[in-house]
Each structure stands twice: as structure tokens, then as C-alpha cells.
């Protein structure tokens, strides 16, 4: 995929978008070499594994950085880190932060498949202090609405399937407007503690990747 980075805002799902109604033709045509900019999580700030965690720690932190490697709806990817019972991880977007744009702004990829879903609560922050959590039904009634870890992952760079296009990538989408943020630099994911499987070494939410759909340079 080729990237065209605008001075204000870029939508990775297929084309550039300029924020604001006063952006003229010059802004629409301006572009710079994206260079090292990428839409994936860049750094692990912290990881607190819960009981049942273990799988993927031999490849940590690289296993949760970079693009997702989905295997579709019939089987779960092994390119993951298991968080364990109520385990938690905090990731930072250092070169390309999420911005509230049209529709989905962030995608979170787990490895769910038919009959096997492990949910997680997603929270976002711009400064790492003020956190806004997306409502997750698993915490209330054991449902899945609003949680990560629900939708199968199809994105895979080796197959040429984009990990930043919500129409084809799979994974679970999150809109910053829902939690009242215009920008997010940090993403926190916590196992809900309501999942059925916590046997070591692959218990709880299994994180594959995080992708920015609408974003800009910090």
C-alpha cells in the first residue's frame, strides 16, 4: 500500500482527508514522504500479565507491534500475546497518532474465530493520564458489544489484505468521538475477566495488533 501523508490528517482506509472546511487546493495536493511513519503501535509502555498468560512472551514486544496476521473466521492466529485473566497492556503510537475522523479511527485485532471469543476493554488517552474507556457489554451482561476480540481478523500483509481498511481488515473498530477525544496517543487493552478460557499458557485476550485508521503526525 502506498501512503500519502497530508499536513493535517490522513485516513489509511483508502485516501487522504484534510481536517477542516478551510483546507484549500494547496493543502489537498501537499504530500511528504511518510518515511518511518506507520499506522501500527510503536512501543509497549507496560504489560501486566494475569493468570493464564504466557503465550507469545518469547516474542514480546515485537509480537504486538507492527501489522496483524489474521487467519480468518475458521482458526485463530498464533501471532499474538495472551494477556491472561484481567491482564493489561498499554501501547503507544509514537509517529502516527489516532485522530477523530470519519467513522472508525482505531482497529484492535485479536484472534477470534467461530465459537471462540475472548473479549477485552479498550481505553484511549492522549497524555497517558486521562483515560477514556469504550463501553464493553462483557462487563455488564456477558455480551460482546463494544468490546475488542469479537470480529475475526482477515488483514495480513503477506496476503496483501490491508490492516487499516475497516471494510476488509476485520478486527474491532473504535471511534474516538464515542469517548469524547479528538486525539489518542495511547491505547490500553484489558482482559474483561469474563472469558471462558484461562488455561496457561494461552489464557485470556490474545492481542495481535493495533492499527490507526484516521491519524496524523504527533
Subset of the range 82-117 (residues that are touching a residue at least 60 places away in the same chain (Cβ under 8 Å) and at positive phi): 84, 86, 103
Which numbered condition residue 14 fails, given (1) modelled with pLDDT under 95; (2) within 18 Å of the chain's Cα centre (by Cα); (3) under 17 Å from residue 208 (Cβ atoms); (4) surrounded by fewer than 16 Cβ atoms within 10 Å (Cβ to Cβ): (3)
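Within the range 46-69, restricting attention to residues that are touching a helix residue (DSSP H, G or I) at 6+ places or on another chain (Cβ under 8 Å) and touching a residue at least 40 places away in the same chain (Cβ under 8 Å), which residue is nearest to residue 212 (Cα to Cα)?
My answer is 67.
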Residue list for the range 151-166, filter: touching a strand residue (DSSP E or B) at 6+ places or on another chain (Cβ under 8 Å), in a loop (DSSP other than H, G, I, E, B) and touching a residue at least 40 places away in the same chain (Cβ under 8 Å): 152, 154, 155, 163, 164
Matching residues, the range 155-165, being surrounded by fewer than 20 Cβ atoms within 10 Å (Cβ to Cβ) and either within 17 Å of residue 176 (Cβ to Cβ) or touching a helix residue (DSSP H, G or I) at 6+ places or on another chain (Cβ under 9 Å) (or both): 161
Residue list for the range 206-218, filter: closer than 23 Å to residue 94 by Cβ and crowded, with 24+ Cβ neighbours inside 10 Å: 207, 208, 209, 210, 211, 212, 213, 214, 215
Test: residue 185 is within 22 Å of residue 65 (Cβ to Cβ) and either out of contact with any helix residue (DSSP H, G or I) (no Cβ under 9 Å at 6 or more places or on another chain) or surrounded by 23 or more Cβ atoms within 10 Å (Cβ to Cβ) (or both): yes
Within the range 118-141, tally of residues that are under 23 Å from residue 74 (Cα atoms) and either surrounded by fewer than 16 Cβ atoms within 10 Å (Cβ to Cβ) or touching a residue at least 60 places away in the same chain (Cβ under 8 Å) (or both): 3
Qualifying residue in the range 85-95 (condition: modelled with pLDDT under 95 and not in a helix (DSSP H, G or I)): yes
Total residues in the range 167-182, condition more than 22 Å from residue 156 (Cα to Cα), touching a strand residue (DSSP E or B) at 6+ places or on another chain (Cβ under 9 Å) and in a helix (DSSP H, G or I): 3
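The values are calculated or read from the model by the stated rules, or taken from the named source; none is laboratory data. Note that the coordinates shown come from a computational prediction; the quantities given were computed from them, not determined experimentally. Quick reminder, even Gly has a Cβ in these numbers, built from the backbone with ideal geometry, and neighbours come from all protein chains shown.
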